[in-house]
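The values are calculated or read from the model by the stated rules, or taken from the named source; none is laboratory data. Here the structure is a predicted model, which is why all the values come from computation and not from measurement. Every residue, glycine among them, receives a Cβ derived from its backbone with ideal geometry; neighbour counts consider all protein chains shown. Surface accessibility is based on the protein's heavy atoms, side chains included, excluding ligands, DNA and RNA. Shrake-Rupley method; radii C 1.70, N 1.55, O 1.52, S 1.80 Å.
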Amino acid sequence: MAFFRTVGYSDASVIEGDGVTLRAPQMSDYAEWANLREASRAFLTPWEPTWPVDDLTRAAFRRRLRRYAEDVRTDQSYAFFVFRERDNVLVGGLTLANVRRGVAQAGSLGYWMGQPYAGFGMMSAAVRALIPCAFGALGLHRLEAACIPTNMASISLLEKTGFIREGYAREYLCINGIWQDHLLYARLKDDPRPS
C-alpha cells in the first residue's frame, strides 16, 4: 500500500495557475473568508449543504482548519483557497475530497466561488491548476465531480476543464437541506487536455 500513498504534497504547498494561486487555508485568512462567504451567502446557498449556525465564527473556522490538517495527514482530503494572483484577494475555494487509494486512486472535486468573482474564469483556472497536482504529486488516476442539473455555470466549468459526463445520480447529495439529483462527471489521468 505504500506505493499508493502520496509523497509529493504537503499542506504548505502552493499551486500557481493562470492568474490564480491555490494554497491551504490559514488562520490569518479567517476575516477575509468569513466576509466573502457572508457577502455571497444567497449566491452560494442553492448549491451547498446547509451551513451550520456557527459556520462563520472564528471558532468554527479554527475547527475547520484542524479538520483540514487531519485530512491531509491521513490522505483523505486536500482543501485549497483560491486567490487572485495580481492582488492576492481570496475569491473562492476548492477541495479534493474522499480520496480513495488501493485499486481506486480517485478523489472528488468540489468548489465554491465568491459572488463578486464569479463568471471571470478564475475557478476554471483553479481547477486547471489543481489537475496536474492531483494526477502528479497526489498520484490519482481519476477525478470525480457532481453538480445539480440546473447549475449551468458548474456544468460549463467541468466540461471546459476536460471532465466527461458519466451519468445521473438520483438524490445524490443533500444540498440546501434537500436531497437532490446530480450529474456525475469524471476526468482520467490520461484523458486529453481540452482545447
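Brief remarks on what is shown
- In this entry, the chain is assigned a mean projected area of 10.9 nm², taken as a quarter of its C-alpha convex hull surface.
- The residues of the chain expose, per residue, 53 Å² of accessible area to a 1.4 Å probe.
- Coil-residue trypsin sites (Lys or Arg not before Pro) of the stretch 16-93, DSSP, other Cβ within 10 Å capped at 16: Arg86
- Spin-label zone in the stretch 162-192 - amide nitrogen under 14 Å from a point set 7 Å from the Cα of Arg100 along the C-beta vector: 185-187
- Highest mobility in the GNM of the chain, judged by mean-square fluctuation with C-alpha springs under 10 Å and restricted to Val72, Val91, Val53, is found for Val53.
- Largest GNM mean-square fluctuation among Pro52, Pro25, Pro116, using the chain with Cα springs under 10 Å: Pro52.
- Accessible area (Å², 1.4 Å probe, nearest 10) - Asp18: 140 Å²
- Restricting the stretch 78-167 to GluC sites (Glu not before Pro) that sit in a DSSP loop and have at most 10 other Cβ atoms within 10 Å of their own Cβ leaves nothing.
- Semi-axes of the equivalent ellipsoid for the stretch 89-195, computed as √(5λ) from the eigenvalues of its C-alpha gyration tensor and ordered from largest down, come to 20, 18, 13 Å.
- Surface composition of the chain: carbon and sulfur make up 55 percent of the accessible area, probe 1.4 Å.
- Loop-located trypsin sites (Lys or Arg not before Pro) in the stretch 134-195 (DSSP state other than H, G, I, E, B) with a sparse environment of at most 15 neighbouring Cβ atoms within 10 Å: Lys189.
- Distance histogram in 5 Å bins (all Cα pairs of the stretch 63-138, percent per bin): 3, 14, 24, 23, 18, 12, 4, 1, 0
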